[in-house]
Structure formats: C-alpha cells, structure tokens
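Right, one structure below, let's go through it.
The values are calculated or read from the model by the stated rules, or taken from the named source; none is laboratory data. All figures in this text were calculated on a predicted structure; none of them were measured in a lab. Methodologically, a virtual Cβ is constructed for each residue, glycine included, from the backbone with ideal geometry; neighbour enumeration extends over all protein chains shown. Protein only, heavy atoms only, side chains kept; ligands, DNA and RNA dropped before computing areas. Shrake-Rupley method; radii C 1.70, N 1.55, O 1.52, S 1.80 Å.
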Amino acid sequence: MRTVKSRAIAFLVSAALILCGCGSAETTLSPDTPQEAVEYTLESIRTLDMTTLNNCTDNFVQTYHNWIGIPIESEYRAFNELLQPQSKNSSRYKTAYRLDQKMTERLTWEITEVREDSSSNTAEIDLMITNINMQKVMERYEIQLIEAMLSDPGTGITQMIRDTVNAKDILISLIEELDDSDIVTTPVTASAYRENGQWKIHMSRDFINAFSGNMFADNDSEEIIRLEEQLDDMANEWADAFEERMDKWAERFEKNFDRWMGEP
C-alpha cells in the first residue's frame, strides 16, 4: 500500500498533468452513428479541435457563477484548463498547448466492435487506442520529484515544489526523450448515447485514460517503491530528530521556568 507521502506526490503529479485543452481549427459535426461519434471525438482530440470535441461528447460539466450571476469558470472532464476564457497569448496557454500537442499528435485507434441498442438509444464501442506511453512519463516525473526530496532534506523539498510549478515544461522534455517504441495500446469500451438526433460519447475516466496514453494508471514500479521506502526512512529520521530536539527544548524551558519562578 502506498504511503500518505507517495499519494500526496501522486496527487501533485496528476494535478500538474490534467489535460489542458486548446483551440485549433474548429468545425461543427453532427454524428449520425455511434461509430461516427467516436471517430469524430478521437480525431478532434488528435487535432485539438475543442469545438468538435465538446459537440460530440459530454465533456462539458457545468458553469460556475459569482454572487451576482456572472459566469466565472466552466468545468470540463478533459482539456479543462485552456477551455477557460483567457488570453491565448499568455505563456501559460502556450506551454499548455505545446504539452497537449506532444500528448496527442501520435494518437491512433481501431474500432473493433459496435453494439447499438435502438430501444434505449445507447451504444457501446470497443476500441484499441494507441498513444505515447504517458504512464512511463509520469513514472519518470514522480521519480524525479522523490529524488529531489532525497537529495537534500532542505533544498530537496524546495526543488520538488519548483518542479511541480514547472510541471508542464518538465513533462514536455520527458515526452521528447521517449523512443519510438515508447507507445502503449489500451483496450477500452466507450459508451455512446443519442441526444437531440445526434450521437455523443461519454467522457468516462477509462476513455480519458486510454486516449491519454494510460496516464492515470498507478505507478508502482520497483524503482518508485524503493525510493518511497527511502523517503519513509528519511521521514522517520526527521521525526526522531525533531522529537529529540523538542524534548531538549522542553527540558531547558522547564529549568528556565523554575529559575524565573524562584524555584530551588
């Protein structure tokens, strides 16, 4: 079982890499079949066509408003960050766009079976989705974070925070280091439903994980487990040293207090 510290690190890593969302050449398509819906969806992800993606899926969740009812933020299941209203000229947007491109430009897929239920206007589409191995990228990133903490108890934590803030740039570099063989094919079943005469794809976690190159899979490699054990040992040493310092401080405080109070 992973430790609290490792789960916290994994949370930071995942938070740093939630797909950003970008605008590209945008079109409006209305799928007439479940197969068309999933084809349009995956092609829109590969080309970063957010208009088509949102038209062909349930990616949009809700819009949040301020106290006077003005919309301030919208929530999406994937590509959330850059689907927010903000300048496309900002450095944050440009970095996120570059990361999205690196993550989706090699995306391919194969539809193996479509099962449509006309009575309920739903369907299931079996797919084999291939992309770069983002699980491997995430593993390397997590190892880098832990090694930074282990390198020096003080500066290591500072470096980890800095690496988390600069996560997208680091992840782009790690993706660029991948070999042509660093790809992964994930079988997944996508769910579709018919709404207002057109088919849409449900953006389930499994579907998002599949087109994201298995990005959200647990990273429990032997190397990470070994580093986490070292991190546990270091944390225990910190705790023991801190407890010892506190005991000495309490002893000194008690002696000083007695002296201040005139105790013999």
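For the stretch 115-133, which positions are assigned to a strand (DSSP E or B), open to solvent by 60 Å² or more (accessible area, probe 1.4 Å) and not basic (Lys, Arg)? Within the stretch 115-133, Glu116, Asp117, Glu124, Met128 qualify. Any residue that is assigned to a helix (DSSP H, G or I), surrounded by fewer than 18 Cβ atoms within 10 Å (Cβ to Cβ) and not small (Gly, Ala, Ser) - is there at least one of those in the stretch 98-113? Yes; the residues of the stretch 98-113 include at least one that is assigned to a helix (DSSP H, G or I), surrounded by fewer than 18 Cβ atoms within 10 Å (Cβ to Cβ) and not small (Gly, Ala, Ser). When you scan the stretch 62-75, do you find a residue that is under 17 Å from Asp49 (Cα atoms), surrounded by 13 or more Cβ atoms within 10 Å (Cβ to Cβ) and in contact with a helix residue (DSSP H, G or I) (Cβ under 8 Å, 6 or more places away or on another chain), even just one? Checked the stretch 62-75: no residue is under 17 Å from Asp49 (Cα atoms), surrounded by 13 or more Cβ atoms within 10 Å (Cβ to Cβ) and in contact with a helix residue (DSSP H, G or I) (Cβ under 8 Å, 6 or more places away or on another chain).
For the stretch 21-62, a residue qualifies if it is modelled with pLDDT under 95, in a loop (DSSP other than H, G, I, E, B) and of a type in the set (Val, Ile, Thr), and the qualifying residues are Thr27, Thr28. Checking each residue in the stretch 63-97 for being of a type in the set (Lys, Arg) and either assigned to a helix (DSSP H, G or I) or modelled with pLDDT of 90 or more (or both) picks out Arg77, Arg92, Lys94. For the structure I just gave you, tell me whether Tyr93 is among the aromatic types (Phe, Trp, Tyr), crowded, with 16+ Cβ neighbours inside 10 Å and within 14 Å of the chain's Cα centre (by Cα). No, not satisfied.
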